[in-house]
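Rule-based calculations on the coordinates, nothing more; no lab input. Owing to the predicted nature of the structure, the values given are computational and were not obtained by experimental measurement. Reconstructed Cβ throughout: ideal geometry from the backbone, glycine too, with neighbour counts over all protein chains shown.
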Amino acid sequence: MKLRIGYGLFLLAVTFNGMSAPADPSRDILYQASTINALLAGYYDGILSCGELTRQGDIGLGTFDGLDGEMIVLDRIVYQVTSDGAVQTVSSALMVPFANVTFFDPDETFAMHNINSLDQLQKELDRHLINRNVFYAIRIDGTFPAVKVRSVAKQSKPYPKLADAVKNQSVFELSNVKGTLVGFWCPEFIQALNVPGFHLHFLADDRRRGGHVLDCRLAEGKVSLDPTAAFTIQLPEKGFGQLDPGGNHSEELNAVER
Ligand SMILES: [Zn+2]
């Protein structure tokens, strides 16, 4: 169920008639900055600010100008995990080359227990993705015996391709940590624009650890899913015309994301 304050009266009337409230269409949109193929090609110049990004959603993931670490957006706060593993909140002026956000209004929640790998987690989640042709925003709050995360270092120009930049990624093995997985599932047909399948980032409850998730074990958690059928994309303007934004880069993407 979606609602926001401005819809109070309308909502009251509808609920009184015993019907469920309508989704607020302005909230139920997956917003995206740039394309995954642009990022793969080394397009790391920010195209909008974190302040502008959080006007489009309160949960999500991405990276920062110059590929300066991993982004987690949670409860409308933007967190940056830098390559040394430190987590900080950022200035609203910090620029963003690639990100996805949405306003999180979960339609389904369920418990999950005793998950031994990211593969197993994805298989369990997969059973709940009823419509394979829409996006899902995912939030999992839980207790994790282990989470393997990575972050990337800020790059300097001329920017290398993403596959080369991540060769120097930092990997952190967290153990016995409470926290939140945040991310998305995208349909197969999204390739060239985004990562088909799952893409998850992690933020610890203490807000001191996190990153792009490479593997995890989950003792127990609460999963919330928000299926989203609308999609808005902001393409880069400067320099984007010189890139080849098409093509299937799934092998390169696998090397970079998994
Ligand atoms: Zn990521």
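Taking the Cα centre of the chain as origin, sum charge times position over the Cβ atoms of Lys and Arg (+1) and Asp and Glu (-1), and report the length of that vector in debye to the nearest 20.
With only Lys, Arg, Asp and Glu charged at Cβ, the dipole is about 280 debye.
How large are Rg and Dmax for region 72-205 when only the alpha carbon atoms are used, in Å?
Rg then Dmax for region 72-205, in Å: 15.8, 46.
Taking amide H positions as placed 1.01 Å from N in the peptide plane, with prolines and chain starts having none, which residues 5 or more places from F103, or on another chain, fall under 5 Å of its amide H?
Long-range HN contacts for F103: I29, D58.
Using Cβ contacts closer than 10 Å as the measure, can you line up E220, E70, E173, E252 from fewest to most?
So the residues, fewest neighbours to most, are E173, E220, E252, E70.
Mind checking which of Y43, Y159, Y31 has the largest fluctuation in a GNM of the chain, springs on alpha carbons under 10 Å?
So, out of Y43, Y159, Y31, the one fluctuating most is Y159.
What is the log10 of I(q)/I(0) for region 166-258, computed with the Debye formula using one identical point scatterer on each Cα and no solvent, at q = 0.10, 0.13 Å⁻¹?
-0.37, -0.62
Can you tell me the alpha carbon radius of gyration of region 83-127 divided by the globular rule-of-thumb value 2.2 N^0.38 Å?
1.74
For region 125-180, what are the per-bin percents of Cα-Cα distances with bins 10 Å wide, up to the bin holding the maximum?
17, 28, 32, 22, 1
Over the Cα atoms of region 137-211, what is the Rg over Rh ratio if Rh follows Kirkwood?
1.03
So how much slack lies between S91 and K161, counting 0.36 nm per residue of separation and subtracting their Cα-Cα distance, in nm?
Result for the pair: 22.6 nm of gain on full extension.
Taking the square root of 5 times each eigenvalue of the Cα gyration tensor, what semi-axes in Å does the equivalent ellipsoid of region 7-257 have, largest first?
Equivalent-ellipsoid dimensions as semi-axes: 28, 23, 17 Å.
Given a Förster radius of 51 Å and the C-beta distance between A230 and S175 as r, what FRET efficiency does 1/(1 + (r/R0)^6) yield to the nearest 0.05?
According to the calculation, E is roughly 0.85.
Give the residues of region 176-211 whose amide nitrogen is closer than 14 Å to a point set 7 Å from the Cα of A111 in the direction of its Cβ.
Counting only backbone N, you get no residues.
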